[in-house]
Each structure stands twice: as C-alpha cells, then as structure tokens.
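Only one structure is covered here, and it is reproduced in the block below.
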C-alpha cells in the first residue's frame with residue numbers, strides 16, 4: 001500500500017496535469033445517457049438464474065466488419081441491447097428511452113501492460129435500443145464508444161489510480177453499503193453490465209486433458225440484477241448472463257431473445273453482402289414502433305440458492 005504522505009506529494013506534484021485534465025473534461029462534457037429504471041434495477045436476493053448462448057466467432061467478426069472501425073465489444077452491446085429490449089417488451093415493460101450499459105474499460109498504459117494486475121474504469125454507453133435495424137444500432141453504439149474510449153486517455157488517470165490505493169478498505173465497504181441502501185431511491189447507474197473476458201483461441205490442456213468448453217457467471221449487486229459476460233474460446237463466442245431469480249424467474253425466454261438478436265445481426269450482414277455492387281438508397285434508421293403493453297407471461301423457476 002502506498003504511504004498517505006507519498007500520495008499527498010504525488011497529488012501536489014501533479015496539480016497542473018490534474019487541473020488541465022479537469023478543464024479539458026469540462027470543455028468536452030456532454031449530458032450522460034438518461035437511464036430509465038427497469039425490473040433489473042432493483043435490490044437482489046440470494047437466488048440466481050444463469051444461461052448462455054454460443055455462436056461462431058467468425059460470425060461476430062463479419063458483423064463488425066460492416067461498420068467501419070467497430071469492435072467485437074460494439075457488436076456485443078448491440079446484441080444485448082436488442083435482446084433486452086425485446087424481452088422487456090414481451091413482458092409488457094418496454095423502456096421509454098434507450099437502455100444503457102456499463103462497460104468496464106482498461107486504464108493501463110502500454111508500460112503498465114507489461115506487468116501483472118488490472119486497472120479498470122467504466123464507461124456508460126447507450127445501447128441505441130430505439131433503433132430497430134441491427135447495423136444502424138451497431139453504428140450508433142460505435143460512434144459513442146469511439147468518442148468515450150478516446151476520452152479515457154488522460155494524464156491524470158494513473159495519478160488518480162495511485163492515490164486510490166491508500167483508501168481504507170472500510171471506507172470502500174461503507175460506500176458499497178450506501179449504494180445498496182440508495183439503489184431504490186436514486187437513478188440507476190445503468191440497466192446492465194457487459195464485460196468482455198477474452199479467451200484463448202488455441203486448445204488448452206490440464207493434466208493431459210483438453211478443455212472442450214468453458215463458461216462462467218458473475219456476481220450481482222443491488223441495482224444491477226442482470227449482468228452479461230462475453231468471451232470466446234477456440235473459434236466459439238459465448239454470451240453468458242447471470243440474473244436475480246426474483247427479477248428473471250426463468251432464463252430460457254431471455255436466452256431465446258439473445259439467440260434471436262444474434263441471428264438478426266447475422267441476417268442483416270448477409271443481406272448487405274448479397275447487395276454488394278447493387279445501387280441502393282438508404283433512408284434514415286427506422287425507429288421502433290410503440291409496443292402495446294401485454295400481460296406478463298408466467299414463467300417457471302429454475303435456479304438454485306446461492307451459497
């Protein structure tokens with residue numbers, strides 16, 4: 001742990017870059033995405049549901065290639081946004097504004113990347129769920145993530161991370177408990193989390209046995225009752241999600257929406273590829289038509305109590 005006096009000296013020595021970064025942030029400040037409260041922005045219980053959907057990694061790459069500069073992460077956000085929008089609409093709870101995801105972002109510099117450990121920040125991204133066209137939604141997401149990722153590169157970040165190491169663990173714990181208490185009274189930070197954990201593209205072995213399938217689930221917290229973890233392994237791409245059982249009693253319907261959203265992105269890419277060379281005129285992206293509220297569907301409970 002860093003000595004508090006050393007932390008103070010670090011801050012004093014970097015007052016100029018800190019002030020410059022603060023002024024730059026003020027100049028480029030834009031209103032953040034408005035986060036509408038959904039069923040997943042509630043307190044969580046001790047019970048969980050979990051599922052996953054898989055598709056070829058090559059299909060994800062094909063989809064991203066249809067939006068110049070887009071990344072696999074952008075495609076994941078577009079897929080998750082389409083699935084969440086359809087799932088909530090099916091329950092008669094269509095969100096009034098585009099859903100927002102919290103995306104972990106690495107803040108490590110190239111020099112720090114040579115060592116071990118992680119340094120992670122987060123950015124909020126609108127998933128443009130008001131756009132029905134998958135590729136138009138992907139383009140809108142990429143436009144936002146490209147700007148925000150560029151804004152992450154500030155000279156002040158390593159300084160702030162160094163100072164943060166001296167914060168007492170009890171103080172951090174108190175902050176987390178306060179967030180839990182206020183989760184139902186304050187605007188939610190996001191509607192879900194989408195985190196990418198890159199996997200190996202070559203076979204892995206343990207004691208001579210080949211790993212043929214990997215999967216996982218993630219912890220939840222009050223206010224974020226649905227979290228997605230995406231990863232790849234040996235040419236296969238996985239969308240894994242963990243939800244609170246009280247908020248999503250049966251994961252199968254949501255899994256079907258995820259699979260359908262993936263298929264929609266692939267079909268949109270196939271359509272573009274078939275039209276290559278044909279003169280086409282594209283109008284503005286179509287917006288989703290208002291969805292009539294329906295009675296919530298009855299679902300079965302399929303989960304075990306968390307230990």
Region 241-256, residues that are buried (at least 22 other Cβ atoms within 10 Å of the Cβ) and over 17 Å from residue 45 (Cβ atoms) = 254
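Residue 63: modelled with pLDDT of 95 or more and either touching a strand residue (DSSP E or B) at 6+ places or on another chain (Cβ under 9 Å) or not in a loop (DSSP other than H, G, I, E, B) (or both), yes or no?
yes
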Select, from 71, 78, 45, 106, the only residue that is modelled with pLDDT under 90 and either in contact with a strand residue (DSSP E or B) (Cβ under 7 Å, 6 or more places away or on another chain) or under 28 Å from residue 256 (Cα atoms) (or both).
-> 106
Does region 121-131 contain at least one residue that is modelled with pLDDT under 90 and touching a helix residue (DSSP H, G or I) at 6+ places or on another chain (Cβ under 6 Å)?
-> yes
Filter region 77-94 for residues that are within 16 Å of residue 137 (Cα to Cα) and surrounded by fewer than 24 Cβ atoms within 10 Å (Cβ to Cβ) and give the result.
-> 86
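Which members of region 200-212 meet the condition of being touching a strand residue (DSSP E or B) at 6+ places or on another chain (Cβ under 8 Å) and at pLDDT below 90?
200, 201
The values are calculated or read from the model by the stated rules, or taken from the named source; none is laboratory data. Model, not experiment: these values are computed from the prediction. No Cβ is skipped: glycine too gets one built from the backbone with ideal geometry, and neighbour counts run over all protein chains shown.
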